[in-house]
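Structure first, then comments.
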2 protein chains.
Amino acid sequence: MEQQIAKYLARFGISKPEEVQAIVAHMDVMVCKKGEVLLQEGSFANQCYFIVEGCIRQYQLIDGEEKCLDFFLEESAVIVYDSYLHHKTSSYSLDCIENSILLAGTKEQEEALIKEHPHLNMFTLRFLTEDYNKVQDRLASFVNLSAEERYRWVEENHPQLLHRVPLRYLASYIGVTPESFSRIRKRLQLKA
Amino acid sequence: MEQQIAKYLARFGISKPEEVQAIVAHMDVMVCKKGEVLLQEGSFANQCYFIVEGCIRQYQLIDGEEKCLDFFLEESAVIVYDSYLHHKTSSYSLDCIENSILLAGTKEQEEALIKEHPHLNMFTLRFLTEDYNKVQDRLASFVNLSAEERYRWVEENHPQLLHRVPLRYLASYIGVTPESFSRIRKRLQLKA
């Protein structure tokens, strides 16, 4: 568990063992069942998460339909920043679409951590920058690509999702109906 | 100019006159012509901008075509965070699509400012959070809405863009061809 979070943190320049240990020590281990809801749209995100194992989905309810905005796999952090940082209600829900093991931290735990290690102060900014880029890339994929190209974009950039995420969620993720999604997949498999 | 930036900063809880004055004092006034390129994809974003007057477009070149990711109007900040904060090459270009007056600041100016006013340290995080939300909302609009609904989304959320931004840019912004964009607009005008 510590090794995984260490690998993630190293990407952001946090590599001192005592800092990694302090981060893990200030977080709680959560064992979640597939289907468990971590955050409900309209409520407050009191925790941020690091995924040790499993898959988290970020979604919104629009006209009674769940629209999938994003998926997070092992060795990534999941933070609904606006709600978590600025105590606003969340525009998104989070649930586990696989049995998952998470490290979870509250704002209070984060503050206690930063008190001990002031140097870690600016790192939320780095996580947020990375996530901002990720969302911008996703947005660019919608602005620039056709549905078929978006499928290929997922295949190239997040191939694991195609094996682990249910088809109806993936369809929503690339902005098509499940039927169109199946047709696109079939067409691309025939081409391959 | 100071009043406009004060209004923007107040949204983020920066309201002490001496802090607002210090921010303005640490930035440069830029007068830009329509068409002027502020940042070229592949180069480094050395400055962040605050728009006093005008309109900035953020775009990418894909297969020789300019794809428009975002537009920024008066009283908003424009920062290509990843490039500006972490000295990476920018994935986006920025240009002025109107004659514009900007306040521009470099990382060095920002650091000098924070040295004088350490309390301003975490505010980039707040700007970034707001921009992150904006991009997420835009992404949600692509995931959840049809092209016609996206047009209406712009109409409701950013009505000024429809009057100020050339049609071909707007079409790219909502992910359709200029021809489709004209058809959608006509259809909606007939309905109205």
* Could you give every pair whose Cβ atoms fall below 9 Å, whose first residue belongs to the range A:170-192 and is farther than 10 Å from residue A:148 by Cα, and whose second residue is surrounded by 14 or more Cβ atoms within 10 Å (Cβ to Cβ) and acidic (Asp, Glu), counting only separations of at least 6 or pairs across chains? -> A:172/A:66; A:173/A:70
* To do: Name the single residue, out of those in the range B:136-177 being out of contact with any strand residue (DSSP E or B) (no Cβ under 8 Å at 6 or more places or on another chain) and of a type in the set (Val, Ile, Thr), that is nearest to the other protein chains (Cβ to nearest Cβ).
  => B:174
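So that you can scan it fast, the table gives a plain yes or no per residue for (1) over 15 Å from the mean Cα position of the chain (by Cα); (2) at pLDDT 95 or above:
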{"residue": "A:9", "(1), (2)": "yes, no"}
{"residue": "A:16", "(1), (2)": "yes, no"}
{"residue": "A:19", "(1), (2)": "yes, no"}
{"residue": "A:22", "(1), (2)": "yes, no"}
{"residue": "A:33", "(1), (2)": "yes, yes"}
{"residue": "A:48", "(1), (2)": "no, no"}
{"residue": "A:52", "(1), (2)": "no, no"}
{"residue": "A:63", "(1), (2)": "yes, no"}
{"residue": "A:84", "(1), (2)": "no, no"}
* Single residue of the range A:49-81 satisfying the filter (more than 17 Å from residue A:12 (Cβ to Cβ) and among the small types (Gly, Ala, Ser)) that is nearest to the other protein chains (Cβ to nearest Cβ) -> A:64
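Right, residue A:140: surrounded by 15 or more Cβ atoms within 10 Å (Cβ to Cβ), hydrophobic (A, V, I, L, M, F, W, C), under 24 Å from residue B:59 (Cβ atoms) and over 17 Å from the mean Cα position of the chain (by Cα) or not?
Yes.
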* Structure fact -> Here the residues within the range B:43-57 that are surrounded by fewer than 17 Cβ atoms within 10 Å (Cβ to Cβ), in a strand (DSSP E or B) and of a type outside the set (Phe, Trp, Tyr) are B:53
* Residues of the range A:143-169 being part of a helix (DSSP H, G or I), surrounded by fewer than 13 Cβ atoms within 10 Å (Cβ to Cβ) and in contact (Cβ under 8 Å) with a residue 60 or more places away in the chain, which ones? -> A:160
* Asked: How many residues does the range B:58-83 contain that are in contact with a Lys or Arg (Cβ under 7 Å, 6 or more places away or on another chain) and part of a strand (DSSP E or B)?
  -> 4
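Go through the range A:114-127 and report how many residues are at pLDDT 85 or above and surrounded by 19 or more Cβ atoms within 10 Å (Cβ to Cβ).
Taking the range A:114-127 first, the residues at pLDDT 85 or above are A:114-117.
Of the ones still in play, those that are also surrounded by 19 or more Cβ atoms within 10 Å (Cβ to Cβ) are none.
Total meeting the criteria: 0.
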* Structure fact -> Reported set for the range B:12-35 where residues are surrounded by 12 or more Cβ atoms within 10 Å (Cβ to Cβ), over 14 Å from residue B:49 (Cα atoms) and in contact (Cβ under 8 Å) with a residue 24 or more places away in the chain is B:12, B:14, B:19, B:22, B:34
* Structure fact -> Inside the range B:84-131, the number of residues satisfying the requirement of being part of a helix (DSSP H, G or I) and at the interface with chain A (Cβ under 10 Å from one of its Cβ atoms) is 12
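The values are calculated or read from the model by the stated rules, or taken from the named source; none is laboratory data. This structure is a prediction, so every number in the text was calculated from the model and none was measured. So basically every Cβ, Gly included, is an ideal-geometry build from the backbone, and we count neighbours across all protein chains shown.
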